[in-house]
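Where a number appears in this text, it was derived from the coordinates with a stated rule and is not lab data. It should be emphasised that the depicted structure is a prediction, and the values quoted were computed from it without experimental measurement. Note: ideal-geometry Cβ built from the backbone for every residue, glycine included; neighbour counts use all protein chains shown.
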Amino acid sequence: MASLAPEPTAVSSTADAPILRLGGVTKRFGGATALDNVDFDLRPGEIHGLIGENGAGKSTLMKILSGVHAPDEGEIALRGEAVRFASPAEAKARGVGMIYQELSCMPQLSIAENVFLGRQPTSGGVVSWKAMRAAAAEQLGSLGLKVDPRAPLGSLSLGSQQMVEIARVVFSGAGIVVLDEPTSALSGPESERLFAAMARLKAQGASLVFISHFLEDVLAVADRITVLKNSRKVATLANAGLTKAKLIELMIGRDADALAESYAATGIDLPPPAAGKTVLSLRGLEAPGSFSDISFDLHAGEILGLFGNLGAGMTEIARALFGQVVPAAGEIALDGKPIRPRTTRESKRLGIAYLSENRRKTIFPRHEVYKNISLAHLDTLLGPVLRPGPEVAIAREQVGRTGVRPANPLLNAGNLSGGNQQKVVLAKWLTKRPKVLILNEPTRGMDVGAKREVLDLVKALKAEGVAILLLSTEPETVLAESDRILVLSRGRITREFAGETVSKDRLMEFA
């Protein structure tokens with residue numbers, strides 16, 4: 001059955017001769033430069049780590065390699081031949097496979113069907129199920145995963161599902177495998193199993209690009225590491241002797257331009273811990289696979305920042321507070337009374353508001369601004385009979401309060417800029433002032449001016465006594481706005497900063 005599962009393409013070449021080379025690659029989206037004259041190369045049988053802050057250009061570079069985007073400038077050479085992929089299918093046909101953070105497998109199909117997705121072996125026009133299952137078991141076994149290929153993929157853990165996706169990419173003949181944040185949602189043992197599988201692929205001659213925010217993971221597996229910052233390459237270094245502290249220094253830089261304008265390079269001084277009323281308390285909150293032993297208090301008129309990388313568990317904690325995830329253990333108290341919200345409706349009734357990190361899921365672009373604002377409060381503010389007049393009046397007040405521009409509640413929300421759409425979402429929750437406001441990446445994708453306006457609104461709510469939980473993977477945001485900061489890593493709180501000086505590199509050290 002081995003003939004059904006081709007080995008990754010190996011290249012007989014010296015260790016220093018790249019199998020892949022990108023030279024002077026530049027990519028612009030509108031007026032923004034996502035990549036600026038970036039060089040990158042990948043050697044045969046190498047694991048090459050790619051790191052950088054959010055927006056540094058990592059994913060854009062790999063999407064160019066995998067045919068999702070075309071470069072505006074620069075060259076790509078694969079095995080010494082100039083190439084320019086017009087689509088992911090074209091890149092795959094040339095042996096380049098990409099595994100995204102969001103898995104693309106089909107959980108309702110069997111494991112074997114997922115390994116062979118789109119490439120099922122046939123005999124006389126009929127799928128050779130026995131051969132397919134045997135080859136799938138062999139391929140997965142070579143990656144260290146022993147499972148029944150007939151079982152539904154959805155019966156496996158997330159880490160095992162990821163192994164199946166890797167097997168599918170490798171089975172397609174990919175000699176270059178790009179893994180984008182593969183460990184963001186994995187447990188420690190699952191990550192170790194992934195690293196072992198990567199080592200096996202490397203030994204078979206495959207070349208891997210490993211993108212991750214978890215610097216310790218990159219240091220554990222990479223032969224070389226490339227650092228991107230502000231859309232440019234900072235350095236490519238051999239892993240030997242590198243430390244997490246050195247990588248952080250390269251990622252954030254020491255020049256004034258690279259550091260956020262809102263705080264000094266030496267750090268910011270957090271105020272003394274809040275003495276206000278405790279509004280929200282969490283004790284030992286746990287959801288297996290997402291977060292564990294989460295305990296903290298949130299006070300009236302306080303902004304508590306939660307900082308971590310993708311997959312740290314922050315979003316899952318927010319969803320638990322908003323009735324979208326039911327914790328397996330632990331306690332939640334609001335104003336000293338135990339609560340266990342099981343629906344978003346119940347959380348809203350209790351006075352908890354949640355602004356999701358995905359703006360597209362919280363706004364209806366084809367509907368008017370006033371409908372977007374009133375939607376969350378139809379049953380409590382407007383009575384049993386809906387009439388546009390009261391809806392528009394309420395929305396007009398909130399549009400003025402939040403500074404939405406144009407200040408016209410009759411406009412479709414989709415006609416507004418991203419920053420003004422975010423103000424509309426905030427206005428929705430301010431229509432009835434919450435006790436607890438959870439903000440998940442409230443300024444992601446905004447320009448500096450829009451960020452400042454939104455964060456000024458948040459500070460005004462703080463002054464009114466609202467307890468605010470601010471979640472962000474951007475250290476600048478939590479540093480500039482928080483009274484206290486909790487750092488999360490792999491679902492656990494690793495450090496609390498309160499009443500002391502804290503800097504960006506200190507946050508990243510514990511993330």
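Applying the Karplus relation 6.51 cos²θ - 1.76 cosθ + 1.60 with θ = phi - 60° to region 74-83 yields 3J(HN,Hα) values of x, 10, 10, 10, 10, 6, x, 10, 5, 9 Hz, where x marks Gly and Pro.
In plain terms, the chain from Lys244 to Arg495 could stretch by 88.7 nm, reckoned as 0.36 nm per residue minus the Cα-Cα distance.
Report the Cα centroid-to-centroid distance between region 24-49 and region 447-511 in angstrom, as an integer. Between the Cα centre of region 24-49 and that of region 447-511, the gap is 30 Å. Working from label points 7 Å from Cα in the Cα-to-Cβ sense, the Ala328 to Thr343 distance is 2.6 nm. For the listed peptides 198-208, 277-287, a ranking on the average number of other beta carbons within 10 Å per residue, highest first, reads 198-208, 277-287. Spatially, region 282-360 and region 136-196 are offset by 31 Å when compared through their Cα centroids. Helical runs assigned H by DSSP (4 residues or longer) give the chain a calculated mean residue ellipticity at 222 nm of -9000 deg cm²/dmol, each run adding -39500 (n - 2.57) before division by the residue total.
A full extension of the chain between Ala393 and Glu138 corresponds to an added length of 85.3 nm, given 0.36 nm per residue minus the alpha carbon distance. Backbone amide hydrogens, once placed in the peptide plane, bring Leu20 within less than 5 Å of Leu42, Arg79, excluding anything fewer than 5 places away on its chain.
Label zone (Phe29, point 7 Å along Cα-to-C-beta; backbone nitrogen cut-off 18 Å) within region 158-182: 180-181. Here the gap between Asn230 and Ala86, fully extended at 0.36 nm per residue and compared with their Cα-Cα distance, gives a gain of 49.2 nm. Within the chain, DSSP assigns beta bridges of which about 60% are antiparallel (rounded to the nearest 5). Distant-in-sequence amide contacts of Ile438, defined by a placed amide H-H separation under 5 Å and a gap of 5 or more residues or a different chain, comprise Ala353, Tyr354, Leu355, Leu469. Summing charges over neighbours of Leu461, with a neighbour being any other residue whose Cβ is under 14 Å away from its Cβ, gives +2 when K and R count +1 and D and E count -1. A simple rule links phi to the HN-Hα coupling: the Karplus curve 6.51 cos²θ - 1.76 cosθ + 1.60 with θ = phi - 60°, which for region 303-309 gives 10, 9, x, 10, 10, x, 7 Hz, with x for Gly and Pro. Remark: Ser104, Ser356 ranked as Ser104, Ser356, counting other beta-carbon atoms within 10 Å and listing the fewest first. The residues neighbouring Asp223, those whose beta-carbon lies less than 11 Å from its own, together hold a net charge of +2 under the Lys/Arg +1, Asp/Glu -1 convention.
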